[in-house]
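The values are calculated or read from the model by the stated rules, or taken from the named source; none is laboratory data. Keep in mind that this is a model prediction, so the values were computed, not measured. Please note: Cβ atoms are built from the backbone with ideal geometry, for glycine as well, and neighbour counts cover all protein chains shown. Areas reflect the complete protein model, heavy atoms only, side chains present, ligands, DNA and RNA absent. Shrake-Rupley method; radii C 1.70, N 1.55, O 1.52, S 1.80 Å.
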Amino acid sequence: MDKKQPKGMESLTELYRSGRGPSSSHTMGPERACKLFMGKNPTADSFKAVLFGSLAKTGRGHGTDRVIKKTFAEIPCDVVFDTEKTDLPHPNTMELLAFSDGKEVDRITVLSVGGGRITVPGESLGTAPTVYSHTSFEEIADYCRENDLRLWEYALETEGPALEIHMEQVWETMKKSVRKGLLAEGILPGGLEVQRKAKTLFSAQHIDESAETRENRMVCAYAFAVSEQNAAGETIVTAPTCGASGVLPAVLYYQQKKRGYSDAEIIRALMTGGIIGNLIKTNASISGAECGCQAEIGSACAMAAAALAELFGLDLDKIEYAAEIAIEHHLGLTCDPICGLVQIPCIERNAVAAMRAINAVSLSSFLADTRKLTLDEVIRTMGETGRDIHHAYRETSEGGLAKIDVTD
């Protein structure tokens with residue numbers, strides 16, 4: 001994964017995407033494709049989706065077929081898994097067909113290229129335009145100091161009021177995923193027989209529970225809530241991915257409940273965290289397939305740490321250090337989910353990272369003046385580390401925990 005010198009960064013609306021879990025490439029991309037295709041064929045009375053490559057081989061585990069059928073809702077849709085075809089334009093390729101009175105009326109090929117993004121050969125649904133000219137934290141920090149801006153103000157100045165409207169929707173979706181996840185019970189789909197735990201964590205108070213223990217329990221409950229919603233194929237926000245979607249909302253939802261921060265203050269924090277996520281996405285990776293779980297959970301932890309530091313009103317140096325600590329202590333984290341499902345160890349990992357983000361801010365508030373590394377250096381190191389990780393620890397079900405059979 002050789003990164004070319006970036007020419008700019010995309011909008012935060014490309015980073016924070018709402019959609020169905022558990023995988024941005026296996027569920028959010030196909031969901032987006034189906035919505036697009038339905039819009040093109042409003043009079044069709046049935047549809048067919050043919051999945052190829054990785055979508056076909058791991059689609060059942062990721063719930064690709066369930067998401068497609070949910071998206072088409074009451075309109076019949078036949079989902080076909082074609083694991084034989086190898087001459088593909090992309091590993092995540094699908095065909096969508098529309099029918100009316102039994103006759104085919106339209107057909108398109110869609111590539112789910114990661115992060116919920118799709119492309120359709122021959123149509124203008126490719127790479128999003130860059131809107132940020134700066135591509136390093138050093139550049140952004142210098143600009144903010146020169147113009148007396150906080151990071152969220154820099155984001156708003158760059159993207160305009162439309163960003164604020166998008167972020168309001170992002171925060172509402174995050175809150176809904178926490179609340180719904182706390183109420184849900186039962187077994188998660190996929191065959192691992194994983195029991196939902198968020199509701200238990202939320203309500204099962206310890207005897208003589210200390211304030212510190214309660215904080216740990218509540219933050220973890222919120223992280224479990226979102227992560228379990230993701231695993232069940234419900235709607236979440238990529239922050240920056242589906243598999244790491246529980247970290248940022250857990251930290252911010254807890255702080256809002258505890259300290260009464262307004263939605264406007266939370267949204268500013270989300271913008272700040274988004275700038276960090278964008279830097280990682282641009283200069284390293286937010287893909288577990290490219291760089292291991294450090295790119296997903298590590299990135300989410302850094303975004304949450306920066307967002308919390310903004311919420312606490314810390315200065316630019318302390319925000320940077322909090323994000324740096326968060327990434328630094330996830331370096332080398334492997335991506336090895338059992339059976340390719342975003343459940344074990346992914347759900348617990350979201351909770352651990354949420355608590356680590358809080359700890360990173362604590363350390364930063366005291367020790368920022370003593371740091372020796374920059375955020376840009378640690379982001380580059382994460383990308384280099386990801387390239388060095390053996391492929392078995394960057395791919396689904398090939399190494400590490402993924403080799404353990406927990407179904408016996």
Could you go through the stretch 165-174 and let me know if any residue there is outside any helix (DSSP H, G or I) and open to solvent by less than 40 Å² (accessible area, probe 1.4 Å). no
Any residue at all in the stretch 329-349 that is open to solvent by less than 20 Å² (accessible area, probe 1.4 Å) and of a type in the set (S, T, N, Q)? yes
What are the residue pairs meeting all of these: first residue in the stretch 310-321, first residue open to solvent by 20 Å² or more (accessible area, probe 1.4 Å), second residue at pLDDT below 95 and outside any helix (DSSP H, G or I), Cβ atoms under 6 Å, and 6 or more apart or on different chains? TYR321/ARG371
Cβ-Cβ distance below 9 Å, separation of 6 or more or different chains: which pairs start in the stretch 153-168 with a residue that is over 18 Å from ALA128 (Cβ atoms) and end on one that is basic (Lys, Arg) and modelled with pLDDT of 95 or more? GLU153/ARG268; LEU156/ARG268
Give me the residue from the stretch 107-124 that is surrounded by 13 or more Cβ atoms within 10 Å (Cβ to Cβ) and modelled with pLDDT under 75 and, out of that set, farthest from PHE52 (Cα to Cα). GLY115
Can you tell me how many residues within the stretch 293-307 are in a helix (DSSP H, G or I), within 21 Å of ASP388 (Cβ to Cβ) and either at pLDDT 95 or above or open to solvent by 10 Å² or more (accessible area, probe 1.4 Å) (or both)? 7
Residue that is acidic (Asp, Glu) and closer than 27 Å to GLU384 by Cα, where the choices are GLU265, GLU310, GLU290: GLU290
